[in-house]
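A.B. asks: Have a look at this one before I ask anything.
Rule-based calculations on the coordinates, nothing more; no lab input. All values reported here derive from a predicted model rather than from experimental measurement. Glycine gets a Cβ as well: all are built from the backbone with ideal geometry, and neighbour counts include every protein chain shown.
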Amino acid sequence: MLLRKYPTLLFCLSLIVFFSDVSADDYADARAQLVAAYQQADYPAMRIAAREALAARPGYPGALFNLALAQALDDDPAASLQTLRDLSSVGVDFGAVDRDEFAALKGLPGWSDYASDVQRLNEPIGFAEVVATLGTGDFIPEGIAVDSDGRFYLGSIRHGDLVRLGDTPETLSSSKNGHWSVFGMRFDEQGGLWFASAAVPQFADGEEDIGQSGLFRYDLASGEISDKALLLSIDDAHVLGDLVLAPGNVIYSTDSHTGVLYRYSPESADFQAVVDRNVFGSPQGLVLDDTARFLYVADYVGGLYRVRLESGETHRVTIEANVTDYGIDGLYRYGRELIAIQNGIRPNRVIALTLSDDGLSIAAARTIASNLEEFDEPTLGFVFGDDFFFVANSHWNRFGADNTLPAGLSGPIILRVSLLPN
């Protein structure tokens, strides 16, 4: 979560920046030049910078939108419309139809087709069943898990609570037990619930701990935190945001702040870097392949990667389908498909990405759910049989610049969708 789940578009200044100290790279440099050129109304220079940003991060929706904006401001509406159509062709719309900066495009022959594409993009897709709710509006859920009895568990970003849902929800653990915001969670074979936790600015009760992060295990039998593994935080902040359990009692976890992919063994109580810094920008969801030799990692600002766990070698997954792999939060596996929750693009959606035979590219894609009325930044979920359960309304996007929340938010909603092809 380097950039808490947003592409940080030039004109969407109200969007939340989770952590602003993004590692310097070609994209960041080009985008800084783009912003400076816009502020000076130097639109030819803005256009050049937008091209450089796109070259640094090919296909990145935020970069494409900024290029379209620069082209429109630089009096090249035809080029701007083509760039917007490139965005809509992969299912992305950042609201250009309603922006004054794109008014000159509306007289072009292809505008009506583009507007029709955008209208279709913003129509609801899929059917979802509400299977559980919680009445706490400022809960801000992230991770979700289910036990062998079919009971749901949620973690709170705002309050750091671990809650079991039911007719009478139970708070099983709170920040009094030494953890902070509760992120991704998974049950182990012994029935213990491992979860990632971090002290982030949106956590209400741990300002003095910001930057600390670790893995925790809640033991259902004893009702206590049985394991605690903290990342040392001498010079850097950490945010372990998601985790996956592998054979041999091994845990892999992504640090979305530093970009490191960690391997943790409860037996040795030791964190090891599988992929070190400067590879991933903001790694989020992760899932093992069927051999458990490879791990797929969703880099929020860098797309999908496959990691060879034995060596840490990374391979950028290529996209052969008409889809974008940016902005993925939760990532799961259903046969040969990767199930992804995309909340870093608009509209938010749940998609299924079909892997090629060698597992190195996405050969096809389908949308499972999009634009559902319950959606307000969906986050994480899990696959159970032919169904996918996920958090529909995290409300991450409702935090203000001072990390306050508006009144009247709905409590967490858990949805179920079928993964069977129509």
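A.B. asks: Quote the relative contact order of segment 301-422 in percent (integer), defining contacts as alpha-carbon pairs under 8 Å separated by 6+ residues.
C.D. replies: Numbers: 238 pairs, mean separation 21.3, N = 122.
17 percent.
A.B. asks: Something else: Sort the following peptides by mean Cβ neighbour count (other Cβ atoms within 10 Å, averaged over residues), highest first: 217-227, 180-190, 278-288.
C.D. replies: Working: 217-227: 15.3, 180-190: 21.2, 278-288: 22.8.
Going from most to least packed, we get 278-288, 180-190, 217-227.
A.B. asks: What nm value, rounded to one decimal, do you get for the distance between Lys228 and Ser410 when each label is placed 7 Å out toward the C-beta?
C.D. replies: Modelled inter-label distance: 3.7 nm.
A.B. asks: What are the extents of the Cα atoms of segment 23-168 along their three principal axes, in Å, largest first?
C.D. replies: In descending order, the Cα extents are 60, 38, 24 Å.
A.B. asks: Distance from the Cα centre of segment 96-149 to that of segment 307-371, in angstrom?
C.D. replies: Segment 96-149 and segment 307-371 have Cα centres separated by 18 Å.
A.B. asks: How do Val350, Val130 line up, fewest other C-beta atoms within 10 Å first? Intermediate values should be presented prior to the final figure.
C.D. replies: On the way: Val350 28, Val130 11.
Arranged by neighbour count, lowest to highest, Val350, Val130 become Val130, Val350.
A.B. asks: Would you mind calculating the relative contact order of the chain from Cα pairs under 8 angstrom and at least 6 residues apart, reporting the percent as a whole number?
C.D. replies: Values: 1014 pairs, mean separation 59.1, N = 422.
This gives 14 percent for the chain.
A.B. asks: Would you kindly state how much longer the chain becomes between Ser311 and Ala401 on full extension, computed as 0.36 nm times their sequence separation minus their alpha carbon distance, in nm to one decimal?
C.D. replies: Numbers: separation 90, 0.36 × 90 = 32.40 nm, distance 4.08 nm.
Separation in residues times 0.36 nm, less the Cα-Cα distance, equals 28.3 nm.
A.B. asks: Write down the Kirkwood hydrodynamic radius of segment 90-220, to one decimal in angstroms, obtained as one divided by the mean of 1/r over all alpha carbon pairs.
C.D. replies: This gives a value of 17.9 Å.
A.B. asks: At 1.002 mPa s and 20 °C, plugging the Kirkwood radius over alpha-carbon pairs of segment 129-418 into Stokes-Einstein gives what diffusion coefficient in µm²/s?
C.D. replies: Working: Rh = 18.9 Å.
Reported coefficient: 114 µm²/s.
A.B. asks: Also: Hey, fewest Cβ within 10 Å first, where do Thr254, Thr171 land in order? Before the final figure, lay out each step's value.
C.D. replies: Working: Thr254 33, Thr171 11.
Final ranking by Cβ density, sparse to dense: Thr171, Thr254.
A.B. asks: Distances over 14 Å make up what percent of all Cα-Cα pairs in segment 42-91?
C.D. replies: Values: 528 of 1225 pairs.
In whole percent, the long-distance tail amounts to 43.
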